[in-house]
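> Structure below; questions to follow.
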Amino acid sequence: MTSKSQPSHPPSAADRIAESLRDQILGGGLPAGSPLRQDAIAERFGVSHIPVREALRHLSAQGLVTLRPKRGATVSDLSPEEARELLEIRCVLETQAVRWALPLADADIFARADRALKDSERTDDVARWMELNWRFHSTLYERAARPRLSTMIETLDARIDRFIRVLITGSDYRKQAQAEHRAILAAYKVRNANAVVSLLEQHMTETSRLLTELLQKYRAE
């Protein structure tokens, strides 16, 4: 899976390393707790330790990597409590963004949100579904024109992305989410801001509940 925000300049060595590690983490190739040894990463990419350290700091800022002095870097874990809090914060930010965006939404926004939703209903690929899920949500608040807020929401999404993938593969979450998205879009198209916000809150609360239960189950095993 590639980054949602494409850079406007050629990627540096640190960018390339961060992108590769991010794809491995989000795809499950590097599970939570996996060590990320700078020597091995530098040798793999044929670079010095400097871009490796920069890449790890970038991933740490996104919540994907944990850096510990003298203990190195590991792929971040996510506790049930952290999952609930991250989704609560995202809900607050996203619903406010939608309130700002909805008065400015037009036929193009409606069409793109609808297309993302229809495409997500047609795919069986989890990574593709996650990409389209992000596209659907971010399209709803695109016209808010708050780039810093969008970045904050994207960072929160990256923190829980790989855990949502596990939820999708181990439950009926995707089918439920699609139905909730349909209801959200219907309210959005008639510009009923209160209904959109209420439905988004219900959607994220239910996602939080299911993900928290899943993480609790894994910790008990």
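> Let me confirm something: among R22, R16, R53, which residue is part of a helix (DSSP H, G or I), surrounded by fewer than 16 Cβ atoms within 10 Å (Cβ to Cβ) and either among the charged types (D, E, K, R) or in the same structural domain as V126 (by TED's automatic domain parsing) (or both)?
After ruling out the rest, the residue left standing is R16.
> With closer than 24 Å to L214 by Cβ, without any contact (Cβ under 8 Å) to a residue 24 or more places away in the chain and surrounded by 15 or more Cβ atoms within 10 Å (Cβ to Cβ) as the only criterion, which of L132, L78, L86 stands out?
After ruling out the rest, the residue left standing is L132.
> Picking from D161, D172, which residue would you name as being at pLDDT below 85 and touching a helix residue (DSSP H, G or I) at 6+ places or on another chain (Cβ under 6 Å)?
D161
> Same structure, new question: Hey, among the residues in the range 44-88 that are of a type in the set (S, T, Y) and touching a Leu at 6+ places or on another chain (Cβ under 8 Å), which one's farthest from L30 (Cα to Cα)? Walk me through it before giving the result.
First, pick out the residues of the range 44-88 that are of a type in the set (S, T, Y): 48, 60, 66, 74, 76, 79.
Right, trim to touching a Leu at 6+ places or on another chain (Cβ under 8 Å) and you get 60, 74, 76, 79.
Numbers: S60: 15, T74: 9, S76: 10, S79: 17 Å.
Going through the qualifying residues, I end up with S79.
> Across the range 177-187, what is the total count of residues that are over 16 Å from A101 (Cβ atoms) and touching a residue at least 12 places away in the same chain (Cβ under 8 Å)?
Adding up the residues that qualify gives 6.
> Follow-up. Just checking, which of T123, T139 is under 20 Å from D172 (Cβ atoms), out of contact with any Ser or Thr (no Cβ under 7 Å at 6 or more places or on another chain) and among the β-branched types (V, I, T)?
Within the list T123, T139, the selection yields T123.
> Let me ask something else. I'm trying to understand the selection: among the residues of the range 1-32, which are modelled with pLDDT of 85 or more and not β-branched (V, I, T)?
Listed by number, the residues that qualify are S12, A13, A14, D15, R16, A18, E19, S20, L21, R22, Q24, L30.
> Which residue pairs have Cβ atoms closer than 8 Å, lie 6 or more positions apart in sequence or on different chains, and pair a first residue in the range 188-208 that is farther than 18 Å from A177 by Cβ with a second residue that is at pLDDT 95 or above and not in a helix (DSSP H, G or I)?
R191/A105
> I would also like to ask the following. Kindly establish whether A193 is out of contact with any helix residue (DSSP H, G or I) (no Cβ under 7 Å at 6 or more places or on another chain) and among the hydrophobic types (A, V, I, L, M, F, W, C).
Working: out of contact with any helix residue (DSSP H, G or I) (no Cβ under 7 Å at 6 or more places or on another chain): no; among the hydrophobic types (A, V, I, L, M, F, W, C): yes.
No.
> Which residues, taken from the range 91-124, are basic (K, R) and at pLDDT 95 or above? Full working, then the answer.
So in the range 91-124, the residues basic (K, R) come out as 99, 112, 115, 118, 122.
Listed by number, the residues that qualify are R99, R112, R115, K118.
> Select, from A101, A111, the only residue that is in the same structural domain as A195 (by TED's automatic domain parsing) and in contact with a Phe, Trp or Tyr (Cβ under 7 Å, 6 or more places away or on another chain). Spell out the reasoning first.
Values: A111 fails: in contact with a Phe, Trp or Tyr (Cβ under 7 Å, 6 or more places away or on another chain).
Only one candidate passes the filter, namely A101.
The values are calculated or read from the model by the stated rules, or taken from the named source; none is laboratory data. Predicted model, so just to flag it, every value in this text is computed and none were measured. Here Cβ is always computed from backbone atoms with ideal geometry, including for glycine, and neighbour counts include all displayed protein chains.
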